[in-house]
Structures are given as structure tokens and as C-alpha cells.
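The values are calculated or read from the model by the stated rules, or taken from the named source; none is laboratory data. Owing to the predicted nature of the structure, the values given are computational and were not obtained by experimental measurement. FYI the Cβ positions are ideal-geometry reconstructions off the backbone, even for glycines, and counts take in every protein chain you see. What goes into the accessible areas is simple: the full protein's heavy atoms, side chains included, and nothing from ligands, DNA or RNA. Shrake-Rupley method; radii C 1.70, N 1.55, O 1.52, S 1.80 Å.
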Amino acid sequence: MALAINSPRGTADIFGDDIRYRNFIINNVKELFKVFNFEEMITPAFEHTGVFSRSIGESTDIVQKEMYTFPDKKGRSLTLRPEGTASIVRAVVEKKMLISENIPLKLYYIGNMFRYERPQKGRMREFWQIGAEALGSDDPLLDAEMIWMLNNIFVRLGFKNLKLLINSIGCSRCREDYIIKFREFIKPELTGLCGNCKNRYDKNPLRIFDCKVPGCRAIASKGPKINQFLCAACNEHFEKVKGSLSDLSLDYEISDDLVRGFDYYTGTIFEMISNDLASAQNALGGGGRYDRLLKEFGGPDKPAIGFAIGLDRTMMLMKELGIKYIDDESRAKAYIISIAAAGQPYILDVLKKLRDANIICDIDHTGAGIGAGIKRAGKKDYNIAIIIGDDEIENNKITVKDLNNFKQYSINKEDLLEKIIEIMGAIKND
Ligand code: HAM
């Protein structure tokens, strides 16, 4: 009997059109990162457990419930990475990468992450993130640049209907004052909180804001707001971030309840949400400052900021919204069909021009005629047919057929590339 084995719950096999979507997103984001001067870094998919438990925070959902932690054969505790920031910081400290000449050190990564969550639409146990981290500077303009970059990812991909949320959770001093007040507020509400949040009340009350139980979040949101407790320095920093965002003409909304589910955050935090996604999984990406983390890892006492986007969620939403990927390869794929008796030099000239312009191009070698050639082109996913007969050669013309809508054009031979670009543009704007 054959062995019936399914993929584990919450994982995905990615193939076909999904691969094309994914590569489109990755290529686009890589191009953007290049423009902002970020370099790629790859870190291991698993780390010593302490890398995550200590930085993300013992009382977070991720560390308490969601990590894939296992002993290796020598009994050392290892964890499949639930996120990328802690690994990057561990690596930067270990490899002593943060030296004054390269501040801010700008790194990006693309990798699979693992969280033992209850799988649902847009939430998986193995998922992919694209993240960026800028280490070494606390310049508020850098915060604005990171937020700008996050925003631009989705603008470049063709998303609309997005909301950029920002907040500041201040430094540890601001938080001390706030937590006293927040505890006072929560105390009479304790009976309405879930078991986890009752524990969080003592250990880490801020985490009540990102509890998965909506009732807990609703209670927390009625309490005092952390951004009302910022010290003078944190307040000034946040004002400057907002000023730079306005200088960049970026629309944003202050979200008083945004705290983000990691203990390492300090100061500015932000999230890109889509109004087209269900509210439980509406974040396409998010990030913030983590000014204490390098030091906590034994590195220099330097600030840092970063964000990550969810690749699977982004891809899923693109498909749902009908945003097409623009894959150069499938965009311009031309099939030359010729019935001209002595047309070889003319045809080769066209073929060469197209291939020199990086347009995928083939000739119909069957000689079965125009109708059969067009059928064949359609079947093989060509989007443009180029028909060359004796008439065309005589008049220095080309007949171009847009196979997506069967419009046909007779054009001068010199105008071929322009026409193809025009047709491709028309497909793009469909
Ligand atoms: P995060 O908000 O946990 O942040 O994750 C970033 C994005 O990853 C989310 O907005 C979401 O799109 C996606 N994501 C998270 N969990 C899942 C899941 N289970 N299934 C599918 N997609 C998911 C971080 O991970 C931080 N390390 C970001 C950061 C970088 N902060 C500073 N630097």
C-alpha cells in the first residue's frame, strides 16, 4: 500500500502561478532595497533558543506558545526562527559588523519563519518574511525612511486601500510610569481577562494589547495610552519622525493601542494594514525601533530599527484583489509566423531585434500556415504573434496581433518594439 503523507498543517507547497507572484514581489522589493542601499544577509533557520526567548520576551505569545523548540542530539535547545530580527542582531554582534564607518548598517533578509499558531487564512505555521534592519543610528529621519520604504513596497506592488499606523511606546523610563497607571486601570477589570492576561497583568501588562482574545484587547484599549506618557526626549523624537513623514507626504494614522507583540521594541513602532483583509490578519508588515537589543546581545550600546512584511499574506491579497504580477518573461513573448517565400533575412532581422531587446521570441518552424501558427502561439502562452508575409516584406511592414484581445495592427518594421511596449502596457493596465 502506498504511504499517504500530507504536508504538515499550516505549511504550503508553493508552485506555478504562486511562484511567479512570489518572484515578482521579491524582485520588486529587492530593487527597492537596492535604491535605499540595503544589503542582503542570510542567517540560519534555527538558533539557540535563548536568541529568541530573551529578546522577544518570555511573556509574549510567541515565546510562550508558538516556538518550534527541540533539543538536538547533544541536548542543546534549538528553535526554528519565529522572526528575523533577533537572528540579525545575534549575527551582527557575533561578527562585529557594526563599525563606525558603516553606520547605519543596512541589511535585509528573505526567509521562512515558524510559529505554532492556529492556521487560518493568512496565518500559517511556516511562512515567509522579507525584512529590513538599519542598525546603529537613532536619527528620526531613519525611522521615517524605514516607514517610507515599507509603504513603498506596497505602492510599487500596486496596492491601494492601505493604512499606515504609527505609535511610540517610548523608552523603559516612559514605560515604567505608564505601567503603574495601566495596572491601576486594569486591576478592577482582571476578572474579564483571559488566564494568560491575568498572568501578564503581573509580568508584562503591555502584552494584553496584543492578546489574541478580542475581549482582552477591548478592555486594554479603554485604559490610559502609552503615547501620553513619553518623556521629553522620546516625545521630541516622535514629533520629528512625524514631521519627516509629513515632509515625505506620507499619510499615516496614530494608533494609540498599537504596541506590537515583542518586548524588544522601544520608541517608534509602525504597521501597514490592509482594509481588504479580515481584521485578525490585516497586517501586511510591521516593525519598529529596538534600541536596547544590540546591547542585550553583548554588542555595542547602539540603537536600531527595522520591519518585516509577510510574503505569503502579500501574495494572497494580490491574488484576491486581482493585482496582476508583471512578469517580464510572460509579458512580452512573441511568436513569429511567416508564410513569405524568400523572407529569411527579413525575419531574422525581426527576430534579432526582439531577442536583443530581451523579448522572448520564437519562430514557427512548422510552416503550417498563419491560422495554425496563431493557434499554436495561443496554446504556448505567447501574447504576441508577428505575421510576416510577402506583402509585409514588400512594404517594409509587420502585422502584429495582440493575442490577449485579438486586436491586429499593421505597422512599419521600425516601429515594432514600440508597438510591443504599447501592447504590454495595455495588458498591464487591464
Ligand atoms: P511581525 O509583525 O511579527 O514582525 O511579522 C511581520 C509580518 O509577518 C506580519 O505583518 C505578517 O504579514 C507576517 N506574519 C506574521 N506571522 C505570520 C503567520 N503566522 N503567517 C503568515 N504571515 C505572518 C516581526 O516579525 C518583526 N521581526 C518585524 C521587525 C523587524 N521589527 C523590527 N525589525
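I'd like the distance between the alpha-carbon centres of the range 142-212 and the range 2-42, rounded to an integer number of Å.
Computed from Cα coordinates, the inter-centre distance equals 28 Å.
On alpha carbon coordinates alone, what is the Rg over Rh value for the range 174-221, Rh being the Kirkwood radius?
0.92
Using alpha carbon centroids, what distance separates the range 88-122 and the range 359-419, in Å?
Answer, in whole Å: 49.
If you place +1 on the Cβ of every Lys and Arg and -1 on the Cβ of every Asp and Glu, how big does the dipole about the Cα centre of the range 1-61 come out, in debye to the nearest 20?
80
Using θ = phi - 60° and the Karplus form 6.51 cos²θ - 1.76 cosθ + 1.60, what ³J(HN,Hα) does each residue of the range 47-64 get, whole Hz, x for Gly and Pro?
9, 4, 3, x, 4, 8, 5, 6, 7, 6, x, 4, 9, 7, 4, 4, 6, 5
How many percent of the accessible area of the chain is carbon or sulfur, using a 1.4 Å probe?
50
Which loop-located trypsin sites (Lys or Arg not before Pro) does the range 1-60 contain, where loop means any DSSP state but H, G, I, E or B and the Cβ has at most 16 other Cβ atoms within 10 Å?
9
First check a/c for the range 333-424, with a ≥ b ≥ c the square roots of the eigenvalues of its C-alpha gyration tensor; if it is under 1.5, answer rounded, and if not, answer prolate when a/b is larger than b/c or oblate otherwise.
rounded
How far apart, in nanometres, would the label points at residue 279 and residue 221 be if each is projected 7 angstrom from Cα along the Cα-to-Cβ direction?
Between residue 279 and residue 221, the simple spin-label model gives 0.5 nm.
If you project the alpha carbons of the chain onto the principal axes, what extent comes out on each, in Å, largest first?
That works out to 89, 65, 43 Å along the principal axes.
With an 8 Å cut-off on Cα pairs and a minimum separation of 6 or more residues, tell me the relative contact order of the chain in percent.
Reported relative contact order: 15 percent.
Mean residue ellipticity at 222 nm from the helices of the chain, using -39,500 (n - 2.57) per DSSP H segment of n ≥ 4 over the full residue count, to the nearest 500 deg cm²/dmol?
Calculated from helices alone, the mean residue ellipticity at 222 nm is -11500 deg cm²/dmol.
Might you tell me the accessible area per residue for the range 109-234, computed with a 1.4 Å probe and given in Å²?
44
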